[in-house]
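Participant: Starting off with a structure, shown below.
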Amino acid sequence: MTDKNNEIVQKLKTAHETREPIDFIREQYQLDEPEAYRIQDQFVKEKCKRTGEKIAGYKISMTSPDTQAYANTDEPAYGTFTESNLIQSGASVSLTSLFEPLIEPELIFVLTDDLTAGASESEIISKSNLAAGLEIPDSRYKAWFPNFTLEDLLSDNGAAGLAVISGTVKTPSFEQLGSISMELFHDEEKVGEGDSSNVLENPASAVAWLSKKMAGHGKTLKKGAIIASGTFIPPIRAKEGTYKAVYTGIGEVIVTFTR
C-alpha cells in the first residue's frame, strides 16, 4: 500500500467515522482504476478489522449507458458490501444516519453455491436465488451525485450505502430475467417504472460481468454472497417516507426513511 493510497483510505475512514463529508479525492490525488480498486479493498479490509464484520457481497453500478455517462466510462463498476450494509424489507432508516442517499430499484442475487471464475449467465442462474431489492447508494463526498469521477466512486467503495432485501424466490430463466417490470412508489404515489433490460440488457449478464471483473482481480464469488445487480431506473434522491418497489413475478420490497 503506497503512502498516497493509505492517506486516501484514512480520509475516507475519517469521513465514515465523523459523518463529515470530504472533498472529492481527485481534487488532491491522481488515480487510475486499478489503484482505486486497491484503495477500495484496503478500505473494506480495515472496516472489517475495526468492526468485526465480514464481506457480505457486492453492488454493481453503472449498468446502463445513462448511468455510465455519469463517470465517463463504458463499463460497470463494483463496490463491496459488509454485513452492516444489508437490511431486511420493512426496515426503517434514519436519514440523519446517512450522507446524501439515493434510491435504486434492483434485483438482488443470493448465491447458493460458489461460482467459478468468470462464471456464465447459466451458471449464475443455476447457483442463485433472487430477491426484490432497493439499493441505497451513499457517498462520503460533498455534493457527490452526479459530480463524481470513476476513481472517486471506486475509492469510496462504489458509494456502498445500504441494500434492502426481500425474501427470495428461485431465479427464473435467462429469458424471463430479461423482461421483468418494476414499479416504484413513494408513500403510495408512483414515482418510477423500469424494466430489467435496462441492466446490461439482463441482470444475469451484470453478475457475469462482475464475476469476470473479479477474476481479473484474483477473486471469485462465494456461496451466500449478496449481489445487487444494477438499477432499473436512473437514481433518485431519497427523502422522508416509505418506498416500495414491485417486480413482476419476483415480489416487492419496502423501506421507510425517517428524520
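The values are calculated or read from the model by the stated rules, or taken from the named source; none is laboratory data. In this text, all values refer to a predicted model and were calculated from it rather than measured experimentally. Because the Cβ atoms are built from the backbone with ideal geometry, glycine has one as well, and the counts that use them run over all protein chains shown.
Participant: Please determine, by comparing only the residues of region 105-123 that are in a strand (DSSP E or B) and in contact with a Phe, Trp or Tyr (Cβ under 9 Å, 6 or more places away or on another chain), which one is farthest from LYS219 (Cα to Cα). Walk me through it before giving the result.
Facilitator: Residues of region 105-123 that are in a strand (DSSP E or B), as a first pass: 105-111.
Filter once more, keeping what is in contact with a Phe, Trp or Tyr (Cβ under 9 Å, 6 or more places away or on another chain): 105-107.
On the way: PRO105: 27, GLU106: 23, LEU107: 22 Å.
Looking at the filtered set, the residue picked out is PRO105.
Participant: Give ALA132, ALA56 a once-over and let me know the one that is over 18 Å from MET214 (Cβ atoms), modelled with pLDDT of 95 or more and not aromatic (Phe, Trp, Tyr).
Facilitator: Exactly one of ALA132, ALA56 is over 18 Å from MET214 (Cβ atoms), modelled with pLDDT of 95 or more and not aromatic (Phe, Trp, Tyr), namely ALA132.
Participant: Separate question: Select from region 212-259 the residues that are among the hydroxyl-bearing types (Ser, Thr, Tyr) and in a loop (DSSP other than H, G, I, E, B) and write down the one among them that is surrounded by the most Cβ atoms within 10 Å (Cβ to Cβ).
Facilitator: Residue satisfying both the conditions and the ranking: THR220.
Participant: Could I ask something else about it? In this structure, is ASN157 surrounded by fewer than 22 Cβ atoms within 10 Å (Cβ to Cβ), within 30 Å of GLN10 (Cβ to Cβ) and not aliphatic (A, V, I, L, M)?
Facilitator: Values: surrounded by fewer than 22 Cβ atoms within 10 Å (Cβ to Cβ): no; within 30 Å of GLN10 (Cβ to Cβ): yes; not aliphatic (A, V, I, L, M): yes.
Answer is no for this residue.
Here is a yes/no grid of residues against (1) crowded, with 19+ Cβ neighbours inside 10 Å; (2) out of contact with any Cys (no Cβ under 9 Å at 6 or more places or on another chain); (3) free of Cβ contacts under 8 Å to residues at least 40 places away in the same chain; (4) of a type outside the set (Asp, Glu):
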| site | (1), (2), (3), (4) |
| --- | --- |
| LYS4 | no, yes, yes, yes |
| THR14 | no, yes, yes, yes |
| THR18 | no, yes, yes, yes |
| PRO21 | no, yes, no, yes |
| PHE24 | yes, yes, no, yes |
| ALA36 | yes, yes, no, yes |
| GLU46 | no, yes, yes, no |
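Participant: Would you mind stating whether ASN147 is at pLDDT 95 or above, of a type in the set (S, T, N, Q) and out of contact with any helix residue (DSSP H, G or I) (no Cβ under 7 Å at 6 or more places or on another chain)?
Facilitator: In short, no.
Participant: With the structure loaded, tell me whether THR67 is at pLDDT below 95, in contact with a strand residue (DSSP E or B) (Cβ under 8 Å, 6 or more places away or on another chain) and closer than 18 Å to TRP209 by Cβ or whether it fails that test.
Facilitator: Against the criterion (at pLDDT below 95, in contact with a strand residue (DSSP E or B) (Cβ under 8 Å, 6 or more places away or on another chain) and closer than 18 Å to TRP209 by Cβ), THR67 qualifies.
Participant: While we're looking at this one, here's another question. List every residue pair whose Cβ atoms lie under 6 Å apart, where the two residues are 6 or more positions apart in sequence or sit on different chains, the first residue falls within region 95-110 and is within 15 Å of ALA206 (Cβ to Cβ), and the second residue, located anywhere, is modelled with pLDDT of 95 or more and in a helix (DSSP H, G or I).
Facilitator: Filtered contacts from region 95-110: LEU107/PRO203; PHE109/VAL207.
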